[in-house]
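Written below as structure tokens is the structure these notes are about.
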Amino acid sequence: MLDLTRPDDLASFWKVWKTSEKMLRPFRKNRISLVKQYIGDKYGASSEHQKVVVANQMALAADSYMMSLAGDRPRCSISTQYPELTAFAANYEASTNRLIEEIKLEGVLQRGVLDAFFGFAVVKCARVPSRKHVDVMNPDFPPEPGMYDPPETWAAYQLAQQLVPQTVQVDPGKLSAWCVSLDDYVVDMTASCDDEVRFESHQYRVPLSEVREDSRFDQAVVERIKADSKWSDRKYEHQERADEQGKNETDVDDIEPMVTLLDVYLKRESKWAILVRDETLPPLMVTDWEYEDGPFHRLTFIDVPDAVIGMGPAQHLANLDELGNKLWRKLASDAVNRKTMATYSGDPNDAKNVKEGKNGDMVRVNNPEAIREISFNGVDQQTMMFHQVVEGAFSRQAGNLDARNGLGPQASTATQDSLIHNQVSAVDAKMAQRVVGWTAGIIRSLCSMLWDDQTKTIAATRQIPGVSVPIDATWTPDERQGKFDQYSYNVEPYSMRYQSPAERAQKLIGLVGTVFAPMMQPLMAAGGMIDFRQMIDTLAEYLDEPALRQWIKFGGQAVPPSATSSDGPGMSPSTTRNYVRSSVSGGNTPQGQRVQRMQAMSAMSDSNDQG
């Protein structure tokens, strides 16, 4: 077992850590290249050698993946197989969902999905110092003896009351989850699968003054710490910044002296350590990791055999995106350099008269056939057609980007269009499944830390079926029922997909028209009813139309259904329907529009050649 408090084990760790860090450098370089394609050429400082990005298909694809996979806040579902714990599980669920809202987990997940689009994502869950202190019961304070205990025990207890404080001040910490950049993350790259990973680490910088004030750290090690430079171990990436820094302890862009620390998780040993980025110093602290799941949660969309680092969709789309922009730049250059001029032969006065004539003037020429308008350069039709092919290939490689983003119908009929969108959903299923599993792991880690938190209070409420007023579900430090592993922690799969308020309203209207309205009579017979007042309020909120509440007024006497039923003849049970099948052009689809544009430009080219 690896013990970082032993010098030999610590030296072995640094050796493997540096090897893994070096193996990650090509991944970091590739990621930076992909991110540059994503942001285009108008972000920050740009050089004259930077290539112009005409159509940023990469950004369109990345935003599409992010919104379809993590567009909304996840909802946690906590259940248990023990009936006596069901009520507490509901309170636990309400408090956890409130915690998710409090730490803005949806933003972290969106950033993580975006990182995974370019390779892989890492989210770290931990309790970070809050810089505040609260009073808690002193664990060293002896419990009160029982009434049958001997007088000596009571005497010792009374003495302890005088010598041992009943409460102590501690930093309660703050439950947090945040994305870790690939530039700051190092995993055991010698492993061929997750089960073989020995360590994960996160490198970050903090003010030296905070390290000296942290009571968790070994003060003998703290006294030996010196400020360092962020560029000292990254000269391979930032040689100019390292040379600019020189031998100064404080970076030129740091407001105060900083130091680089490493959070290290040893998976097999279930240990958590904090090291200084200095191989000569012992660990600042080493403690047991008390939770089943580790602090780091990785997400990757494309697995690579015998590797712990996977791939992202961007790595398959990069060449197509770059090729598409090369063709765009060529087409733009050809269009800008197109020249149209008139040639003549014979009498020069004819050409002069035509040149000096204004629009609508009558111009005399002796030989009109001798003057001819010709064009040079212009957009090449083969290049344009090839660009359309590349654009379509990018869309297909991205999982039908046109259908994913709702860029017009994909087929000529509603049924075919529905089949295509269902297929897109099937393509997304694998990624959605991974995102949901990844999110569930993050939420489980947060729940385990919340379970052990002796100071956290979360105000929450929950709804009980049949009760109009929500009940209190506040999470308090002293309220626990059962054990942590007696509960199951899941994420509602479709809660993370973004739905606009208009889409939600349309879904409700569809349910009322297709489900509840046909079942109205059985529903009423069973004692059920639709609360139309609540339905109007919900639609007014989703559609952002407060006037809906004014159009429909409630307050009059309810009319029985029998009083509103008509005695007139209804529809005959025997009816005749005629189905007409017609052929509809697929020109409105993105594929059809590409063909139409190519045909139009080809026709223009033919007319110019004939002219």
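Quick notes on this one:
- Residues satisfying the stated conditions in segment 450-484, i.e. in a strand (DSSP E or B) and either at pLDDT below 85 or exposed (fewer than 12 other Cβ atoms within 10 Å of the Cβ) (or both): 472
- Any pair with Cβ under 8 angstrom, 6 or more apart, that starts in segment 508-521 at a residue that is assigned by TED's automatic domain parsing to the domain that holds residue 539 and on the phi < 0 side of the Ramachandran plot and ends at one that is surrounded by 12 or more Cβ atoms within 10 Å (Cβ to Cβ) and in a helix (DSSP H, G or I): 508/535; 508/538; 508/539; 508/542; 509/539; 512/535; 516/523
- Residues that are more than 24 Å from residue 179 (Cβ to Cβ) and either touching a Lys or Arg at 6+ places or on another chain (Cβ under 7 Å) or modelled with pLDDT of 90 or more (or both), drawn from segment 203-225: 208, 209, 212, 217, 218, 219, 220, 221, 222, 223, 224, 225
- Checklist (1) more than 24 Å from residue 458 (Cβ to Cβ); (2) within 27 Å of the chain's Cα centre (by Cα); (3) not hydroxyl-bearing (Ser, Thr, Tyr) applied to residue 101, failing item: (1)
- Matching residues in segment 1-28 - criterion: being in contact (Cβ under 8 Å) with a residue 60 or more places away in the chain and closer than 12 Å to residue 182 by Cβ: 21, 24, 25, 27, 28
- Counting only strands (runs of 3 or more DSSP E) wholly contained in segment 140-230, the ones carrying 3 or more residues that are in the same structural domain as residue 125 (by TED's automatic domain parsing) and touching a residue at least 60 places away in the same chain (Cβ under 8 Å) occupy 174-179, 185-187, 199-207.
- Odd one out for residue 7 among (1) modelled with pLDDT of 90 or more; (2) surrounded by 13 or more Cβ atoms within 10 Å (Cβ to Cβ): (2)
- Criterion: part of a helix (DSSP H, G or I) and in contact (Cβ under 8 Å) with a residue 24 or more places away in the chain - qualifying residue of 119, 112: 112
- Listed by first and then second residue, the pairs linking a residue in segment 279-297 that is in the same structural domain as residue 115 (by TED's automatic domain parsing) and over 18 Å from residue 1 (Cβ atoms) to a residue that is in a strand (DSSP E or B) and basic (Lys, Arg), with Cβ atoms under 8 Å apart and 6 or more places separating them unless they lie on different chains, are 295/124; 296/124; 297/124.
- If the condition is being closer than 16 Å to residue 24 by Cα and without any contact (Cβ under 8 Å) to a residue 24 or more places away in the chain, then segment 298-321 contributes only 304.
- Screening residue 520 on (1) modelled with pLDDT of 75 or more; (2) under 28 Å from residue 432 (Cα atoms) shows it passes everything except condition (2).
- Residue 353 at pLDDT below 80 and not assigned by TED's automatic domain parsing to the domain that holds residue 57: yes
- Comparison of 327, 323, 317 shows that the only residue that is surrounded by fewer than 17 Cβ atoms within 10 Å (Cβ to Cβ), closer than 21 Å to residue 387 by Cα and of a type outside the set (Val, Ile, Thr) is 323.
- Test set (1) out of contact with any Gly (no Cβ under 8 Å at 6 or more places or on another chain); (2) in the same structural domain as residue 116 (by TED's automatic domain parsing) - residue 310 fails condition number: (1)
The values are calculated or read from the model by the stated rules, or taken from the named source; none is laboratory data. Nothing here was measured: the structure is a model prediction, and the numbers come from that model. Every residue, glycine among them, receives a Cβ derived from its backbone with ideal geometry; neighbour counts consider all protein chains shown.
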